[in-house]
Amino acid sequence: MTTARDTRGFKWVAGLPMYDFPHLRAAHDALWTAVADRLAACGVTGVPRCLTRDRGHLDLLRDPLLLFGQTCEYPLAASYTDVVTLVGTPCYTASGCDGALYCSVVLVRADDTVEELTGLRNRRCVVNEWDSNSGMNLLRAVIAAVSDGAPFFKSVVRSGSHLGSVEQVARGDADVAAVDCVSFAHLQRVCPADIAKLRVLCRTPASPSLPFITARAGSDFTIRTIRSVLADVLADASLATVREELLLGGIDFEPDADFTAVRYLERQAVGSRYPTLC
């Protein structure tokens, strides 16, 4: 592990808001404690002892003192490439993941008779966020292929979270939502009654999962140390249960800083005359 010292003396913040469901908070805390202890031992100063949980992921993403965080690739590619550095891309073990790639599942109610995407025309769609890769961009990619360049859904509304989207479809307030397969695996534990009311219509194309990030204010030493520490945490047998709870099987430390996959899917939708999920 890296042993040189970070002399910048920042008072950093850290947050892992993307999958911080209530039943995973203890596991996230244990993961961060292991990371924070190692960072401090390697000479990174100002390492926070606790994860920040009172700020949204975009707020954290914009913070020049973000030591460690996680965010969605689509808004990152669109607006924040000059704000953060990619540390690595998690390799999750949920069904639908392949190495550092994940996909979304397109969900409808279990009693809905729809069998193909074309059957969703003029239905009600819900997305977690307007700029979500998993909830919007990946869904737009599959709808663009069947839209004929025309508006497709009767309505599209924002729920604010994948959990909110699942709840809206389950109770009949919406007809379809796309949820990333890692969230879907966790939500099967968080809200099994709602999940039981749904079925997977199809899966979307794959793209890199939600990357771990750090602010560009950090030194090269800090970035190298974070990567070294994460590799050590991944190899620590005492943290096996924590990693299993988080479905974290590994980390790709050579992330695609050009966001090739999410930008390609966006270009494909635009080329299909379906630039907006509507």
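Taking the conditions exactly as written (part of a strand (DSSP E or B), in contact (Cβ under 8 Å) with a residue 24 or more places away in the chain and in the same structural domain as Y74 (by TED's automatic domain parsing)), does T214 satisfy them or not?
Details: part of a strand (DSSP E or B): yes; in contact (Cβ under 8 Å) with a residue 24 or more places away in the chain: yes; in the same structural domain as Y74 (by TED's automatic domain parsing): yes.
Yes, satisfied.
Conditions tested, residue by residue: (1) under 23 Å from E129 (Cβ atoms); (2) in a loop (DSSP other than H, G, I, E, B); (3) not aromatic (F, W, Y).
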residue	(1), (2), (3)
Q188	yes, no, yes
P205	yes, yes, yes
I226	no, no, yes
V229	no, no, yes
D258	yes, yes, yes
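Is it the case that L65 is surrounded by fewer than 19 Cβ atoms within 10 Å (Cβ to Cβ) and touching a Lys or Arg at 6+ places or on another chain (Cβ under 7 Å)?
Values: surrounded by fewer than 19 Cβ atoms within 10 Å (Cβ to Cβ): yes; touching a Lys or Arg at 6+ places or on another chain (Cβ under 7 Å): yes.
When the stated conditions are applied, L65 passes them.
Can you pull out the residues in the range 166-185 that are out of contact with any strand residue (DSSP E or B) (no Cβ under 7 Å at 6 or more places or on another chain), in a helix (DSSP H, G or I) and surrounded by fewer than 23 Cβ atoms within 10 Å (Cβ to Cβ)?
Once the filter is applied, which keeps residues that are out of contact with any strand residue (DSSP E or B) (no Cβ under 7 Å at 6 or more places or on another chain), in a helix (DSSP H, G or I) and surrounded by fewer than 23 Cβ atoms within 10 Å (Cβ to Cβ), the range 166-185 yields E167, A185.
Okay, residues lined up against (1) touching a Cys at 6+ places or on another chain (Cβ under 9 Å); (2) in contact (Cβ under 8 Å) with a residue 40 or more places away in the chain; (3) over 30 Å from N122 (Cα atoms); (4) not assigned by TED's automatic domain parsing to the domain that holds V157:
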| position | (1), (2), (3), (4) |
| --- | --- |
| G249 | yes, yes, yes, yes |
| D252 | yes, yes, yes, yes |
| P255 | no, yes, yes, yes |
| D258 | no, no, yes, yes |
| A269 | no, yes, no, yes |
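Mind checking which residues of the range 175-208 are under 15 Å from G96 (Cβ atoms) and among the β-branched types (V, I, T)?
Across the range 175-208, the qualifying residues are V179, V182, I195, V200, T204.
Give just the number: which of (1) part of a helix (DSSP H, G or I); (2) of a type in the set (A, V, I, L, M, F, W, C); (3) closer than 22 Å to N133 by Cα; (4) at pLDDT 95 or above does A26 not satisfy?
If we test A26 against (1) part of a helix (DSSP H, G or I); (2) of a type in the set (A, V, I, L, M, F, W, C); (3) closer than 22 Å to N133 by Cα; (4) at pLDDT 95 or above, just (3) comes out false.
Any idea which of L86, L39, L58, L31 is aliphatic (A, V, I, L, M) and free of Cβ contacts under 8 Å to residues at least 24 places away in the same chain?
Working: L86 fails: free of Cβ contacts under 8 Å to residues at least 24 places away in the same chain; L39 fails: free of Cβ contacts under 8 Å to residues at least 24 places away in the same chain; L31 fails: free of Cβ contacts under 8 Å to residues at least 24 places away in the same chain.
Testing whether each residue is aliphatic (A, V, I, L, M) and free of Cβ contacts under 8 Å to residues at least 24 places away in the same chain leaves just L58.
Only one residue in L139, L163, L86, L60 is in a helix (DSSP H, G or I) and assigned by TED's automatic domain parsing to the domain that holds E254, so which one is that?
Working: L139 fails: assigned by TED's automatic domain parsing to the domain that holds E254; L163 fails: assigned by TED's automatic domain parsing to the domain that holds E254; L86 fails: in a helix (DSSP H, G or I).
Going through L139, L163, L86, L60 in turn, just one is in a helix (DSSP H, G or I) and assigned by TED's automatic domain parsing to the domain that holds E254: L60.
Suppose we filter the range 126-174 for residues that are closer than 21 Å to A193 by Cα and either touching a Ser or Thr at 6+ places or on another chain (Cβ under 6 Å) or among the hydrophobic types (A, V, I, L, M, F, W, C) (or both); how many remain?
Selection size over the range 126-174: 12.
The values are calculated or read from the model by the stated rules, or taken from the named source; none is laboratory data. No experiment lies behind these values; they were computed from the predicted model shown. Cβ: placed from backbone, ideal geometry, glycine included. Neighbour counts: every protein chain shown.
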